[in-house]
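Undergrad: Sharing a structure here in structure tokens format.
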Amino acid sequence: MQVDVNGQGVTVQAVTLADLLTEQGFEAAAVATAVNGQFVPRPSRANHTLSDGDRIEVLSPMQGG
Amino acid sequence: MFYGVELESRLMLGTAQYPSPAVLQQAIQASGTEVITVSLRREGQGGAGFRDLIAASGCRILPNTAGCHTAAEAVTTAQMAREVFQTNWIKLEVIGHADTLQPDPFALVEAARVLCADGFEVFPYTTEDLILGEKLVEAGCQVLMPWGAPIGSGQGLRNIDGLRAMRAHFPDIPLVVDAGIGAPSQAAQAMELGYDAVLLNTAVAKALDPVAMAAAFGQAVRAGQMAAQAGLMPRRDMAAASTPIFGMADFSASEGM
């Protein structure tokens, strides 16, 4: 399946968002996730099934003003 | 009180654009701030180090929605920030114009309404427009953060009369001048106007010596706060002698000698 993770097109085996984070090497407890512009809370990641073409954002704390 | 939180230091400090994480850490300490602003971005280099740094600072975290141009983007970012930073506080920025980074007032109110209803404690980055301020308060905001000048411009308080009017119009709402402050004197001026706090970033981060500048801002904000509490003298158009006239010597030469 082809999805977009943080602006990069990637081919993934993952079925759920939780799987994808593991597969892509993200530190699941330190990031927040959104799929197609909608926030997906941590407890929902394991039940969130991905679809081909999904746009996934994985964000973490950064400097800000 | 900012959503029930009493702050000793009334300087809120941004964490971006410092020459190094070490300088940022020292600047936070030197400023005496208790609130630092942070953002959410795609994970890059040094992410874990920054997480440790903000945890070690002991400061309250005020995440922002910087860079968002629509209410929907800002709402999603706020929801993600709440999960990562474990706080209901959110500095709500919905930018309407790329050159001025002026807030989009319509999208700002829309996002504020959604977030306040969802339990967020919203710090909206706004203008000094009174009607907009009222709409934000109606939406549930208990703090307003009017700009001093465009973000990162260092121009100081561009509309002092407007900020003064805002203070008078919202006597019971905590007001924070956010953005545009370039010098400690300008931060002190905001506090002298009766503002409750000042939020700035670039003026410290881009100083030649950010740590020393952080200390200078900390003291200026404190001085301005003390001045506001002490009550400034009324301004006059003409001079008024401060030394008494009564008892003054007469040095005029006597006549008829």
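Undergrad: Does the stretch A:11-22 include one or more residues that are in a strand (DSSP E or B) and within 11 Å of the chain's Cα centre (by Cα)?
TA: Within the stretch A:11-22 (the criterion being in a strand (DSSP E or B) and within 11 Å of the chain's Cα centre (by Cα)), the answer is yes, since at least one residue qualifies.
Undergrad: Contact list please: Cβ distance under 6 Å, first residue in the stretch A:6-31 and closer than 22 Å to B:Ser39 by Cα and without any contact (Cβ under 8 Å) to a residue 40 or more places away in the chain, second residue part of a helix (DSSP H, G or I) and open to solvent by 20 Å² or more (accessible area, probe 1.4 Å), pairs at least six apart or on different chains.
TA: Close Cβ pairs (under 6 Å, with a partner that is part of a helix (DSSP H, G or I) and open to solvent by 20 Å² or more (accessible area, probe 1.4 Å)) amount to A:Leu21/A:Ala28.
Undergrad: Select from the stretch B:58-91 the residues that are more than 10 Å from chain A (Cβ to nearest Cβ) and surrounded by fewer than 19 Cβ atoms within 10 Å (Cβ to Cβ) and write down the one among them that is nearest to the chain's Cα centre (by Cα).
TA: Out of the qualifying residues, it is B:Arg60.
Undergrad: Taking the stretch B:136-162, which residues are open to solvent by 20 Å² or more (accessible area, probe 1.4 Å) and in contact with a Pro (Cβ under 8 Å, 6 or more places away or on another chain)?
TA: Scanning the stretch B:136-162 gives B:Gln142, B:Trp147.
Undergrad: Another question about this same structure. With a cut-off of at least 2 residues that are of a type outside the set (A, V, I, L, M) and farther than 19 Å from B:Gln142 by Cα, name the strands (runs of 3 or more DSSP E) lying wholly within the stretch B:1-118.
TA: Result: B:35-42.
Results for (1) under 13 Å from the mean Cα position of the chain (by Cα); (2) among the aliphatic types (A, V, I, L, M); (3) surrounded by 17 or more Cβ atoms within 10 Å (Cβ to Cβ), shown as yes or no for each residue.
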{"residue": "B:Pro174", "(1), (2), (3)": "yes, no, yes"}
{"residue": "B:Ala187", "(1), (2), (3)": "yes, yes, yes"}
{"residue": "B:Ala240", "(1), (2), (3)": "no, yes, no"}
{"residue": "B:Asp250", "(1), (2), (3)": "no, no, no"}
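Undergrad: Please enumerate the residues belonging to the stretch B:101-135 that are within 16 Å of the chain's Cα centre (by Cα), over 18 Å from B:Ala66 (Cα atoms) and open to solvent by 10 Å² or more (accessible area, probe 1.4 Å).
TA: Passing the criteria: only B:Glu128.
Undergrad: Here is a follow-up. Kindly evaluate B:Val94 against the criterion of being closer than 16 Å to B:Cys116 by Cβ, in contact with an Asp or Glu (Cβ under 9 Å, 6 or more places away or on another chain) and facing another protein chain (nearest Cβ under 9 Å).
TA: Considered against the rule, which asks whether it is closer than 16 Å to B:Cys116 by Cβ, in contact with an Asp or Glu (Cβ under 9 Å, 6 or more places away or on another chain) and facing another protein chain (nearest Cβ under 9 Å), B:Val94 comes out as no.
The values are calculated or read from the model by the stated rules, or taken from the named source; none is laboratory data. As the structure is a prediction and not an experimental result, all values here were calculated from the model. Note that we place each Cβ from the backbone using ideal geometry, even for glycine, and neighbour counts take in every protein chain shown. SASA here: full protein model, heavy atoms, side chains in, ligands and nucleic acids out. Shrake-Rupley method; radii C 1.70, N 1.55, O 1.52, S 1.80 Å.
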